[in-house]
Structure formats: structure tokens, C-alpha cells
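Values in this text are rule-based calculations from the coordinates and carry no lab data. Small disclaimer: the values here were computed from a predicted structure and weren't measured. Cβ placement follows ideal geometry from the backbone for every residue including glycine, while neighbour counts extend to all protein chains displayed.
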Amino acid sequence: MIKISISEISQNLVSFIRYCILIKFILFEFKMAQCQEKRILKVDDIFNSFNVAQAKFSPDDKWAVVVIERPRKDQLVYGINFINRFDIWLLNVQSNSFVKILDGKRDTCSYWNPVWSEDSNHFAFISTKGQDNIRPYLYNINNGKVIQIHANGINVTTRFYQNNESDNEPFAWLDNDNIVFTASPQRYLNVT
């Protein structure tokens, strides 16, 4: 006999409802805004499509940060093609606004892997800004400011498990003011 507690059912139901709301807004922004008459799918349609890569609600459920992959035709690739080009959008659940806050196409980089602080005032993320490394950054919800957390690159292969098994991120919040990650060593400079 399988036993499931009421709290487990309600937690799963709340999670399901949250993601349904998020999908509603994403579909509205990216599908409904691009409504066209029905036609046969073309190869160019694949290269012009957006992809929702990640979506995470803030702990207070007032915000959702959404990582959207730009169309393949817009992607610039430097060196090895292991990182696609992503932008970060912010959904204000109360006002129903959905705004691109980090524009990788404009900045010629990629932004992804957001992780919320417990107080929902910040989220950390990683970026290829500068095009020479992957670095950790912090976005402040209250003032919209972005700061680079560390000058060195971040080791994206290190993973931290927090709330559940699916939360394996390259950094973790220790509390509302401190974040832990593994930084790459500084580059060695040849001074000869």
C-alpha cells in the first residue's frame, strides 16, 4: 500500500499550479505575440524559434526568472560550441509583467543558471560576459543592478545540492547575504 500525505499532495499541487501560471505567461509572450496564419513548417522556423531553458519561481512566489534561448540564427559561437546563447527574463506574478532583464544578444554573451536567495531579493546566475570565461553574477530585484561576484571564472562542474535532488547548481546560497561556489584559479601570466 502506498501512503501519500496530504502535505505532499498539496505541495505537488502548488508546484503544478505555479508552473501552469508560468507557462501561460511564456506562451502568451512567445507564441501568441508571434501568431501567424497556419502554414507548413519550414527549416527556417526551427532556426528562428525560442526555447524555454529554465524557469524558477522565487521563494516568496512573487517573481519567476525565466531563461530563454535565443533563435539559433542569432547565436554567436566563440571557440567550442558548448554554450548556447541565453537571455534572462523576469516575470512579476502580481503585475503580470514579463520583461527581458539580461539581454545576451545586445551584450554579446549568454546568461543562465539563476538561483534565488531565500529572501527573494536576489538571484545569482552565470554569464559569458567578457567572452573569456564563465563568471558568477548577482541580480538585485529591488534596484535592477547587476554585480559581478568574482573576477575569476566559476567552476561549472562543481555542483551543490540544496533543497532537493534537482537543485544541483554551480553555487549555493548559505543565507540571504552569502553565496558559495568554486572559483577557477587565476590565469598565470608570462612576465618574461
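Too long at a 24 Å Cα-Cα cut-off: which of Lys56/Lys129; Lys62/Lys129; Lys62/Lys105?
Distance filter (> 24 Å) returns Lys62/Lys129; Lys62/Lys105.
Which order, highest average first, do 120-131, 146-157 follow once you tally other Cβ atoms within 10 Å for each residue and take the mean per peptide?
By packing density, highest mean first, the sequence is 120-131, 146-157.
Starting from the 7 Å offset along Cα-to-Cβ, what nm value, one decimal, do you get for the label separation of Asn133 and Ile101?
Going by the 7 Å Cα→Cβ label model, 2.5 nm.
Please list, ordered by chain and number, the residues whose modelled amide H lies under 5 Å from the amide H of Val93; skip anything fewer than 5 residues away on the same chain.
Distant-sequence amide H within range of Val93: Trp63, Ala64.
Please list the non-local residues whose amide H lies under 5 Å from the amide H of Ala55, H modeled 1.01 Å from N, same-chain partners needing a gap of 5 or more.
Val67
Could you order peptides 173-179, 94-100 by the average number of other Cβ atoms within 10 Å of their residues, highest first? Write down the numbers at each step before the final one.
Numbers: 173-179: 13.0, 94-100: 11.4.
Top to bottom by mean Cβ count within 10 Å: 173-179, 94-100.
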